[in-house]
Amino acid sequence: MSELIQLGNPNQRPKQLRPEDVKLNFSEQGVKEIEALISHYPNKKACILPGLWLAQREYGGYLSGDAIAEVAYRLERSFAEVQGVATFYSLYNSVHAPGKHKIEVCTCLCCHVNGAWNLRDYLVTKLGIRHGETTADGMFTLEEVECLNTCDKAPAVQVGSKYYGPVTEAQLDALLEELRNSEESTVVQYANDIVQVQLRAGEV
Amino acid sequence: MAEYKLLLEHTNDPKFRTLEGYQATGGYTALKKALTMERSVIVDSIKIAGLRGRGGAGAPAFLKWGGMPKEKKTEHYLICNADEGEPGTFKDKELLENCPFLLVEGMTLGGYTVQGDVGYIYIRGEFMDGAKALRKAIDEAYANNLLGKNILGTGFNFDLQIHMGAGSYECGEETALMSSLMGERGMPRLKFPSAPFPVVSGVFEKPTLIHNVESYCNIPFIVNNGPEWFASLGASTKNSRGTKLFSVSGHVNKPGNYEIEFGTPLKELLELAGGVRGGKLKACIPGGSSMPIITPEDVEVAIIGYEEMGAVKSMVGSGGCMFFNEHTDIVKLAWRTAQFYANESCGKCTPCREGTRWMVQILERICKGNGRPGDIDLLKQVASQIDGRSFCPLGDAAAWPIMAMMRVFPHEFEYYIEHGHSMVDSVPSLVGVP
Ligand SMILES: Cc1cc2nc3c(=O)[nH]c(=O)nc-3n(C[C@H](O)[C@H](O)[C@H](O)COP(=O)(O)O)c2cc1C
Ligand code: SF4
Ligand code: FES
């Protein structure tokens, strides 16, 4: 009986990863950051969400199996548990590797009545990809998303940490051009921004 | 009555986002005053002020403050719900971006009152600008002994941490938010009476005070100006006090956030936002996508107040007020609304997980011109079987707007099914959707 209770206790899940099963790829900076983040919470489990953001940056925007395993190992949780969390949230790229830039077009209520589908169609034609797909050159991923809560600027588009709106087709053209020529991946940059904003000045 | 700027008074002033500028407008006098007050006196003033939670449900705030254990046996936590996700709402975002110190002071004051140790601000992952502004404010507060150890030499310790969400509307629901904060999938937990209130056992199974951003931002004003003054705002309503932020969007000329006193007529909000654009007013969703839709006649008579909105069968909700002009196709709006809830359902319980998808399927075939004669009844049946039978209020919130759209605009649904196309000469952008 007592064993059953133990198994049911989410804080005592068995099957932690063994060191020989994990590749540790976090940078030195990343290791310091995850330690600082862990100190914000009373236990390591609570650091799974911040840890996944950090891994998303460290692994170039994609939470591969290795990335999830590393988070699980560093937080002393099982692989399945961390993978379960990663797949629940839409901002973690845990299913496919995204392109260098993820273009999120809001088609929710206010944008829906303010021309969002035109924008969506325009992008589908221009990039030759549909919702959830990535261009062959790995440059862009297109996503139709729910309300970005910037409805005063409908139709709204988000790329990385930046909001755009109300967006016209001409502005989209300019934006795509700008992104195509930018060095950095906005997907990675965004994950980094999220990590940084959770850390106090001078903490790492 | 017109706009009443309390929280939003200084939003256009960039200095308000620095500690110096914030203090120049009276910032942190409330905290200093509170640190000399008895804790129970502060709770009493929240009660006298009549503050109600601004997150959607409008529960009296003092119940939570007064419910926190008086005798401290373990850690106490505070949470700020900044996971604003309700379609049509963008007020918390503006508060984070432009008034970060109001939130920091409000939470610190709350921390003192309920003997909190750590406050977690759960910010929606998309809100980078807001999170950065808040980060700056928190760092400045730490540097000036307004957070951290021995705050202002009073022996009170309090930390504030930012926790970023990762894209899930359901995490705005308070028990799901706590699951998420504890490192789990964002699924809700049992609520009272099946489980204790969060003030008894909340995040990390410790007493927890959870409020919306706007609720915390009101606290400094209550302490500074006195609860009686606060309660005089909105005195014309039955039980709504203070001001309320409304995010006005849709087909209006000047979309944006507007702060009004409770008791203001809804039509004044529309005037503030510059009136309807692109045609006559057809419909309004007054409090975010979960709230029932109302007609232009209702907009004429509605008074903004938690009880008052009941007269037009709707609610204040989170304050995401959307106006739609005459070219809006209500059936397609219903389809898109159902789609939102189907996408955001966490999947924990059957009525919501399956029911929302059924609603989408039925509405989709109607929108594609393949509607069947019994579809309206079927849709009503599905909606009524979600409402009141789901594990958390997201299910109800999915059923209400669809039921209301069918109740208020039944002829549009009937016409669509009979003719295979909409009776509205919809704007071109909506032809061919879905
Ligand atoms: C599906 C769902 C989504 C919600 N989303 C939010 C939200 O984004 N922000 C918020 O403050 N409250 C949200 N709430 C309400 C919270 O559960 C909770 O009532 C609120 O945070 C309490 O704060 P208050 O007392 O200040 O209103 C949501 C509720 C439900 C059922
Ligand atoms: S109603 Fe059920 S399935 Fe829907 S979000 Fe709540 S718990 Fe999840
Ligand atoms: S509906 Fe698109 S930002 Fe809100």
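The values are calculated or read from the model by the stated rules, or taken from the named source; none is laboratory data. The structure presented is a predicted model; accordingly, all values stated were derived computationally and were not measured. Please note: Cβ atoms are built from the backbone with ideal geometry, for glycine as well, and neighbour counts cover all protein chains shown. Remember, those area values only see protein heavy atoms, side chains included, never the ligands or the DNA or RNA. Shrake-Rupley method; radii C 1.70, N 1.55, O 1.52, S 1.80 Å.
If you go through the range A:145-153 one residue at a time, do you hit one that is under 18 Å from the mean Cα position of the chain (by Cα) and more than 30 Å from B:H251 (Cβ to Cβ)? Taking every residue of the range A:145-153 in turn, none turns out to be under 18 Å from the mean Cα position of the chain (by Cα) and more than 30 Å from B:H251 (Cβ to Cβ).
Return yes when B:T356 is surrounded by fewer than 24 Cβ atoms within 10 Å (Cβ to Cβ), under 30 Å from B:G186 (Cα atoms), of a type in the set (S, T, N, Q) and within 16 Å of ligand 2 (Cβ to nearest atom) and no when it is not. No, not satisfied. Determine if the range B:34-46 includes at least one residue that is within 25 Å of the chain's Cα centre (by Cα), at pLDDT 95 or above and within 16 Å of ligand 1 (Cβ to nearest atom). Scanning the range B:34-46, I find at least one residue that is within 25 Å of the chain's Cα centre (by Cα), at pLDDT 95 or above and within 16 Å of ligand 1 (Cβ to nearest atom), so the answer is yes.
If you check B:K191 against the conditions, is it out of contact with any strand residue (DSSP E or B) (no Cβ under 6 Å at 6 or more places or on another chain), assigned to a helix (DSSP H, G or I) and open to solvent by 60 Å² or more (accessible area, probe 1.4 Å)? No, not satisfied. A:Y122 meets the stated requirement of being among the hydroxyl-bearing types (S, T, Y), in a helix (DSSP H, G or I) and outside the structural domain of A:L54 (by TED's automatic domain parsing). Taking into account only those residues within the range B:115-166 that are of a type in the set (S, T, Y) and closer than 13 Å to B:I79 by Cα, which is surrounded by the most Cβ atoms within 10 Å (Cβ to Cβ)? The qualifying residue surrounded by the most Cβ atoms within 10 Å (Cβ to Cβ) is B:Y120. Of the residues contained in the range B:38-57, one or more are found to be of a type in the set (S, T, N, Q) and without any contact (Cβ under 8 Å) to a residue 60 or more places away in the chain.
Scoring B:Y169 on the criteria (1) within 12 Å of ligand 1 (Cβ to nearest atom); (2) of a type outside the set (V, I, T); (3) open to solvent by less than 20 Å² (accessible area, probe 1.4 Å) leaves a single failure, condition (3).
Taken together, B:G278, B:G250, B:G287 contain a single residue that is within 10 Å of another protein chain (Cβ to nearest Cβ) and open to solvent by less than 10 Å² (accessible area, probe 1.4 Å), which is B:G250. Within the range A:136-179, the set of residues being out of contact with any strand residue (DSSP E or B) (no Cβ under 8 Å at 6 or more places or on another chain), facing another protein chain (nearest Cβ under 8 Å) and either among the hydroxyl-bearing types (S, T, Y) or more than 27 Å from B:S168 (Cα to Cα) (or both) comprises just one member, A:S161. Counting the residues of the range A:99-119 that are surrounded by 23 or more Cβ atoms within 10 Å (Cβ to Cβ) and either among the basic types (K, R) or away from ligand 3 (no atom under 16 Å from the Cβ) (or both) gives 2. Here B:L160 fulfils each of the conditions (1) at the interface with chain A (Cβ under 10 Å from one of its Cβ atoms); (2) more than 16 Å from ligand 2 (Cβ to nearest atom); (3) in a loop (DSSP other than H, G, I, E, B) apart from (3). When the range B:204-257 is filtered for residues that are farther than 20 Å from B:I48 by Cα and in a loop (DSSP other than H, G, I, E, B), the ones remaining, listed by number, are B:K206, B:P207, B:H251, B:N253, B:K254, B:P255. Of the numbered criteria (1) in contact with a Lys or Arg (Cβ under 9 Å, 6 or more places away or on another chain); (2) more than 9 Å from chain B (Cβ to nearest Cβ); (3) more than 30 Å from B:M322 (Cβ to Cβ), the one A:G65 fails is (1).
Can you spot a residue in the range B:83-91 that is more than 14 Å from every other protein chain (Cβ to nearest Cβ) and either more than 26 Å from B:M182 (Cα to Cα) or not in a helix (DSSP H, G or I) (or both)?
Here is the first cut: in the range B:83-91, the residues more than 14 Å from every other protein chain (Cβ to nearest Cβ) are none.
No: the range B:83-91 contains no residue that is more than 14 Å from every other protein chain (Cβ to nearest Cβ) and either more than 26 Å from B:M182 (Cα to Cα) or not in a helix (DSSP H, G or I) (or both).
Before we move on, is B:Y142 within 10 Å of chain A (Cβ to nearest Cβ), among the aromatic types (F, W, Y) and either within 16 Å of ligand 1 (Cβ to nearest atom) or within 19 Å of the chain's Cα centre (by Cα) (or both)?
Values: within 10 Å of chain A (Cβ to nearest Cβ): yes; among the aromatic types (F, W, Y): yes; either within 16 Å of ligand 1 (Cβ to nearest atom) or within 19 Å of the chain's Cα centre (by Cα) (or both): no.
When the stated conditions are applied, B:Y142 does not pass them.
How many of the residues in the range A:22-60 are in contact (Cβ under 8 Å) with a residue 60 or more places away in the chain and either within 14 Å of chain B (Cβ to nearest Cβ) or surrounded by 23 or more Cβ atoms within 10 Å (Cβ to Cβ) (or both)? Give the derivation first.
Step one: of the range A:22-60, the residues in contact (Cβ under 8 Å) with a residue 60 or more places away in the chain are A:29, A:32-33, A:36-37, A:40, A:50, A:53-54, A:56-57, A:60.
Among the residues that remain, those that are also either within 14 Å of chain B (Cβ to nearest Cβ) or surrounded by 23 or more Cβ atoms within 10 Å (Cβ to Cβ) (or both) are: A:33, A:36-37, A:40, A:50, A:53-54, A:56-57.
Result for the range A:22-60: 9.
Taking the criterion of being within 14 Å of chain A (Cβ to nearest Cβ) and more than 16 Å from ligand 3 (Cβ to nearest atom), would at least one residue in the range B:233-240 satisfy it? No, there is no match, as no residue in the range B:233-240 is within 14 Å of chain A (Cβ to nearest Cβ) and more than 16 Å from ligand 3 (Cβ to nearest atom). Scanning the range B:368-392 for residues that are under 21 Å from B:I285 (Cβ atoms), open to solvent by less than 70 Å² (accessible area, probe 1.4 Å) and either among the basic types (K, R) or not in a loop (DSSP other than H, G, I, E, B) (or both) gives B:I376, B:L379, B:V382, B:A383, B:S384, B:I386.
Residue-by-condition table, conditions (1) away from chain A (no Cβ under 11 Å); (2) under 19 Å from the mean Cα position of the chain (by Cα); (3) assigned to a loop (DSSP other than H, G, I, E, B); (4) touching a residue at least 24 places away in the same chain (Cβ under 8 Å):
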residue	(1), (2), (3), (4)
B:A166	no, yes, yes, yes
B:L177	yes, yes, no, yes
B:G186	no, yes, yes, yes
B:A195	yes, no, yes, no
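Residues B:A24, B:A57: which one is within 16 Å of ligand 2 (Cβ to nearest atom) and open to solvent by 70 Å² or more (accessible area, probe 1.4 Å)?
Working: B:A24 fails: within 16 Å of ligand 2 (Cβ to nearest atom).
Going through B:A24, B:A57 in turn, just one is within 16 Å of ligand 2 (Cβ to nearest atom) and open to solvent by 70 Å² or more (accessible area, probe 1.4 Å): B:A57.
Looking at B:A273, B:A283, which one is modelled with pLDDT of 95 or more and within 17 Å of B:E3 (Cα to Cα)?
B:A273
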